[in-house]
Amino acid sequence: ETGVTQTPRHLVMGMTNKKSLKCEQHLGHNAMYWYKQSAKKPLELMFVYSLEERVENNSVPSRFSPECPNSSHLFLHLHTLQPEDSALYLCASSQERRTDTQYFGPGTRLTVL
Amino acid sequence: AQSVTQLDSHVSVSEGTPVLLRCNYSSSYSPSLFWYVQHPNKGLQLLLKYTSAATLVKGINGFEAEFKKSETSFHLTKPSAHMSDAAEYFCVVSVFSGTYKYIFGTGTRLKVLA
């Protein structure tokens, strides 16, 4: 995929580790999103960034810390995670926050031991 | 309140037969509606989008969906299933209330039998 890329694609970490997920969009978009996809649950929106400013945080625990250094890059910093945080983490982008079509990356499959 | 319901969690069809994946929505506003497909270990790929233009929307890979306001439905169809269509399909409603918000259905897993 060349539109929205995510690294790593797979990550296994212990509960005491610190790791980061990276998302990069090559579409010239100004809004970026983090979603969590758990088994048998609808996708959950975690964070929304618009022009590098966090505009939405949906009651996400502080062990997840997003960072958006510029409009093309989005990070999700992870620390002291719990096993129930194991999921597929998807990044998406859209032209503007007020534009409705979102384009998704391939996701990072996270396993917390 | 806005919501989206995918009526079937699993659908199985034989290769070469028609596909029907059902989606009903509830929205106080004029919605945009999407279908996304997710193949195993992949992200979501946009199949098609409805935004109040033509009610019959054509998407990629031979899929299409019809917006029926009277039935609040946006069902996804394909005349002839291919093995490569096996995946999970998500119906999404996007509503604007200050900003656009995506509301996802719980997904329908499509199995294609040889």
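Bear in mind that the values in this text are calculations on the coordinates, not laboratory data. A quick note: this is a predicted structure, and the numbers were derived from the prediction, not measured. Methodologically, a virtual Cβ is constructed for each residue, glycine included, from the backbone with ideal geometry; neighbour enumeration extends over all protein chains shown.
None of A:Leu78, A:Leu74 is farther than 18 Å from B:Gln45 by Cα, touching a residue at least 60 places away in the same chain (Cβ under 8 Å), more than 8 Å from chain B (Cβ to nearest Cβ) and not in a loop (DSSP other than H, G, I, E, B) except A:Leu78. When restricted to residues that are among the small types (Gly, Ala, Ser), within 15 Å of B:Leu33 (Cα to Cα) and within 14 Å of another protein chain (Cβ to nearest Cβ), the stretch B:70-96 contains 1.
Summed over the stretch B:15-40, the residues that are closer than 21 Å to B:Leu110 by Cβ, among the hydroxyl-bearing types (Ser, Thr, Tyr) and within 11 Å of chain A (Cβ to nearest Cβ) give a count of 1.
If a residue must be out of contact with any Pro (no Cβ under 8 Å at 6 or more places or on another chain) and part of a strand (DSSP E or B), how many such residues does the stretch B:20-40 contain? Adding up the residues that qualify gives 12.
Scanning the stretch B:35-67 for residues that are exposed (fewer than 12 other Cβ atoms within 10 Å of the Cβ) and among the charged types (D, E, K, R) yields one hit, B:Lys58.
Checking each residue in the stretch A:13-54 for being within 14 Å of the chain's Cα centre (by Cα) and among the hydrophobic types (A, V, I, L, M, F, W, C) picks out A:Leu21, A:Cys23, A:Ala31, A:Met32, A:Trp34, A:Leu43, A:Leu45, A:Met46, A:Phe47, A:Val48. Across the stretch B:97-108, the qualifying residues are those that are surrounded by 15 or more Cβ atoms within 10 Å (Cβ to Cβ) and of a type outside the set (Ser, Thr, Tyr), and the one among them that is nearest to the other protein chains (Cβ to nearest Cβ) is B:Phe104. Taking the stretch A:83-113, which residues are in contact with a helix residue (DSSP H, G or I) (Cβ under 8 Å, 6 or more places away or on another chain) and in a strand (DSSP E or B)? Within the stretch A:83-113, A:Leu110, A:Val112 qualify. Put simply, of B:Cys91, B:Cys23 the only residue that is under 11 Å from the mean Cα position of the chain (by Cα), under 21 Å from A:Met46 (Cα atoms) and either of a type in the set (A, V, I, L, M, F, W, C) or surrounded by fewer than 18 Cβ atoms within 10 Å (Cβ to Cβ) (or both) is B:Cys91. Each residue in the stretch A:25-65 was checked for being polar (S, T, N, Q), in a loop (DSSP other than H, G, I, E, B) and touching a residue at least 12 places away in the same chain (Cβ under 8 Å), and 3 of them qualify.
In this structure, does B:Ala1 turn out to be in contact with a Leu (Cβ under 8 Å, 6 or more places away or on another chain), away from every other protein chain (no Cβ under 13 Å), without any contact (Cβ under 8 Å) to a residue 60 or more places away in the chain and among the aliphatic types (A, V, I, L, M)? So B:Ala1 does not fit the description; no.
Scanning for something under 30 Å from A:His10 (Cα atoms) and of a type in the set (A, V, I, L, M, F, W, C), does the stretch B:56-66 turn up at least one residue? Among the residues of the stretch B:56-66, at least one is under 30 Å from A:His10 (Cα atoms) and of a type in the set (A, V, I, L, M, F, W, C), which makes the answer yes.
Taking the criterion of being of a type in the set (Val, Ile, Thr) and either at the interface with chain B (Cβ under 9 Å from one of its Cβ atoms) or surrounded by 19 or more Cβ atoms within 10 Å (Cβ to Cβ) (or both), the residues of the stretch A:4-50 that qualify are A:Val4, A:Val48. Can you tell me how many residues within the stretch B:41-69 are part of a loop (DSSP other than H, G, I, E, B) and within 14 Å of chain A (Cβ to nearest Cβ)? The qualifying residues number 7.
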